[in-house]
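Presented below is the structure to which this report refers.
The values are calculated or read from the model by the stated rules, or taken from the named source; none is laboratory data. Quick caveat: nothing in here was measured; it's all calculated off a predicted structure. Note that each Cβ is placed from the backbone with ideal geometry, even for glycine, and that neighbours are counted across all protein chains shown.
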Amino acid sequence: MKPIAILGMGASSPFGPGAQALWEGCLAGQPVIRELTSYPTSGMKQITAVLRPSGLSNQVIPVATMAIEATREAIAQSGEYGARLQRVRLGVFFATAPGEPDELRLIDEEVAGFEAPGHPILPRNLPPDAWAKVLGDSVMDAVLRAFHWEEAYCLSISAACASANVAMGVAADALQDDLVDAAVVVTAESLPRLTQAGFSQVGALSPTGVRPFSADRNGTLVGEGAAAFVLARADDLAPGTSVLAWLLGFGESCDALHPVHTEPEGRGMEAATRAALTDAHLGPEQVDAVYVHGTGTRQNDLSEARALSRVFGERRPAAAAIKAIIGHSLGAASGLSAVCGVMTLKTGLLPPTPGVEPLEPECKLRFSAEPASIVRARTILNNGYGFGGINSSIVLGSSDVSRSVGT
Amino acid sequence: MAPDLAVPVAAHQGFSLAEASLVTINDSYRRVLADGVSVPKARRYANRRPLLRGCGVASPASASFASILAGHCARAALADRPGPPLRQDRLAVILGSALAALDPSHQLELCGLREGWDLIDPFRFPHTLPSACAATVAAAVGARALTLACRDNALASLRAVDLAAMAVLHGRADHVLVGGAEEVSDLVLLLLAASRRPDFLSPPGVAPSVPITEIAVVGLLERAHPEGDPGVIVIEGYGEVTGPLTEADVERFRAAFSSVRFDLVLSNMASQHHRTADIRAAVEALLEPPTEIVHTADSLGDTHGAAGAVALAVLAQRPPGTRALVISAGRDLRLGFLVASRASGAERLV
């Protein structure tokens, strides 16, 4: 594909609002694991999650607020281009994984309450707008309202925990197809109760912490977060426009195997990575660093290790797994790691992956316990995988890279 | 989106949608919901098992019913395609659905609240994701390329068709199983009754005036044969209008309608649907005989996210050479327009 410019980005993470806060928190490498208190957790096997540090004022921030603030930051960073989003054919591509909107949770509580013996559910006990709220994407609607984008083309994409990467790819295609003139990708996840309970039931949660690609890894932890990006076609940029980074390629595949488990050999993951590299007109040897999906579960990391070993062969590219620090923010996960990927391209630094030692024997990547300075960081591979065997990869390039590849 | 039909008409010229496969489970499951009806605690899937077994996924009883229907359709669409089997790594699945994940989420939430979170079904949990419907279909037919779901309510399957065309155009897949699938759960009926909307609410004992329909329609989208494929549906373009219909929009439609001849207009708007009355009237005023207009909701009910795909299935029953404008009205009266025709085989599509 033709390179797509990333002009602005924003984030909200366990380290608070702002891409810089996320980046500094990841560089510091201290995960913040806390006990869930935002809803009753009685009966759940594991109730820890990656949440905001207690020093920050709001432990639980509404997911819409996170999405709006991340979007506002991305627009502000886009400068003059961001200021004219209102006047062009704008596409808003919203990415989320879970199917449990907050409105449904509230209604279910209502329903469960009324269904005590002798108290049938009565429609009149539910609010008249419940239908619209449950069906609507309340977070996307909140973003559209906040920026007066009601007239924009808005697409709500779900590709499980690969959603953010997939939304980036679809937005890039829409820009190239002239479907829209500018694109904003927004992804946000809170900590849904059902997701926490479901991950617990499928045995995916760790009782201790997330240790991606460690031989001693024992599961993941759910986290919260949001990320947003302003994307533009290269041809539309005025001379002198500041470009943060380039989206060079996108690839997706499906294991077509199992609702939860990944294909053990990582063939689908490999296919997604190779498709993204082909899309970017790059070879594996040109990838300088990898932001892995790295959930910390036994099977997912093993599959990813095998996939990347086949892609990179004897090479051992530098890698980072930020879920070790901020947990697994589901559909937003690959969006948050893309924010860090752009920061790596700008600074040459790669966040540490705490707890990675001893390394999974089949993993050939080079993780670091300390911020690692990369001599040459011009291209980043960013992976995101989801339930249903949905695999995605995007390739990001530094601000000067599009002159040499992809065009 | 650009409200000018002339632009998107040319955007995706040269894609074909094989005759859509249509499965509808309607009267057997529709319930009349009046005040005081309680949602049963018991699982309601016993009468569905023969169909569930047919889908070939690992844990079929856990999947949403919409995904089972969609898997059935996908298999039929592939079986109908002549020629050698398709390369699975070039076969994608893009489905539009707004309701498929609701019931699994609702059931698990109720189970957690009533009986304890450690009792929720781990096999059903993945189906609380909107993308599970597409992933289940991918697993059922071995589709290993792009897989995603579009959640945009009544526009969902029209947008899915547009995304599928885009995926083929960009080389991300050669063939896409595309369409829509919806599931009617007790929760949906409860919420509709709670909405007190006159177009959905009827006196007790009378079925809703616009029944919600459980349905799946899946077709196989791929590049059209250069010499033309008789009978297939050719997707010519897609566009949207946002917000309430303005006079300027109507003028643009008039200009577009004067330059493009349609034999058939297919809409998802029911005749008694008060919210879309203005749009229906505006569209009908623009049409000149012998153009026929069919509101699919009048005969099939509200097929919601599957509506666009349902319209294509209706078009598939029409004679070759029929050209149709498919209109779907979505949330906030956002309108999607798809131009499609049933190829006669005489046209060259490159």
Checking the condition within 27 Å of A:V180 (Cα to Cα), of a type outside the set (V, I, T) and more than 7 Å from chain A (Cβ to nearest Cβ), which residue from B:L163, B:L91, B:L148, B:L99 passes? B:L91
Can you tell me which of A:A64, A:A11, A:A49 is buried (at least 22 other Cβ atoms within 10 Å of the Cβ) and at pLDDT 80 or above? A:A11
Determine whether B:P84 is closer than 27 Å to B:A145 by Cα and more than 24 Å from the chain's Cα centre (by Cα). yes
Restricting attention to the stretch A:111-132, which residues are surrounded by fewer than 15 Cβ atoms within 10 Å (Cβ to Cβ) and at pLDDT below 75? A:G113, A:A116, A:P117, A:G118, A:H119, A:P120, A:R124
Qualifying residues in the stretch A:278-292 (those that are within 14 Å of chain B (Cβ to nearest Cβ) and surrounded by 22 or more Cβ atoms within 10 Å (Cβ to Cβ)) - the one nearest to A:L350 (Cα to Cα): A:A280
If I go through the stretch A:298-338 residue by residue, how many of them are of a type outside the set (V, I, T) and not in a helix (DSSP H, G or I)? 12
Return yes when A:T295 is buried (at least 23 other Cβ atoms within 10 Å of the Cβ) and not in a strand (DSSP E or B) and no when it is not. yes
From B:A282, B:A313, B:A277, which residue is assigned to a helix (DSSP H, G or I), crowded, with 18+ Cβ neighbours inside 10 Å and on the phi < 0 side of the Ramachandran plot? B:A313
Given the structure, is A:E150 assigned to a loop (DSSP other than H, G, I, E, B) and modelled with pLDDT of 75 or more? yes
Which condition number in (1) surrounded by 24 or more Cβ atoms within 10 Å (Cβ to Cβ); (2) touching a residue at least 12 places away in the same chain (Cβ under 8 Å) is the one that A:G198 fails? (2)
Go through B:P130, B:P126, B:P122 for me and flag whichever is at pLDDT 85 or above and surrounded by fewer than 24 Cβ atoms within 10 Å (Cβ to Cβ). B:P122
In the stretch A:166-193, anything of a type in the set (D, E, K, R) and in contact (Cβ under 8 Å) with a residue 40 or more places away in the chain is listed as A:D173, A:D181, A:E189, A:R193
Return the residues of the stretch B:103-119 that are under 14 Å from B:A63 (Cα atoms) and either among the hydroxyl-bearing types (S, T, Y) or within 7 Å of chain A (Cβ to nearest Cβ) (or both); say none if nothing qualifies. B:S105, B:H106, B:L108
I'd like to know if the stretch A:206-224 contains one or more residues that are outside any strand (DSSP E or B), in contact with a strand residue (DSSP E or B) (Cβ under 6 Å, 6 or more places away or on another chain) and at the interface with chain B (Cβ under 10 Å from one of its Cβ atoms). no
Give me the residue from the stretch A:229-270 that is among the β-branched types (V, I, T) and in a loop (DSSP other than H, G, I, E, B) and, out of that set, nearest to A:D173 (Cα to Cα). A:V243
A:T273 assigned to a loop (DSSP other than H, G, I, E, B) and either over 28 Å from B:A132 (Cβ atoms) or under 18 Å from the mean Cα position of the chain (by Cα) (or both): no
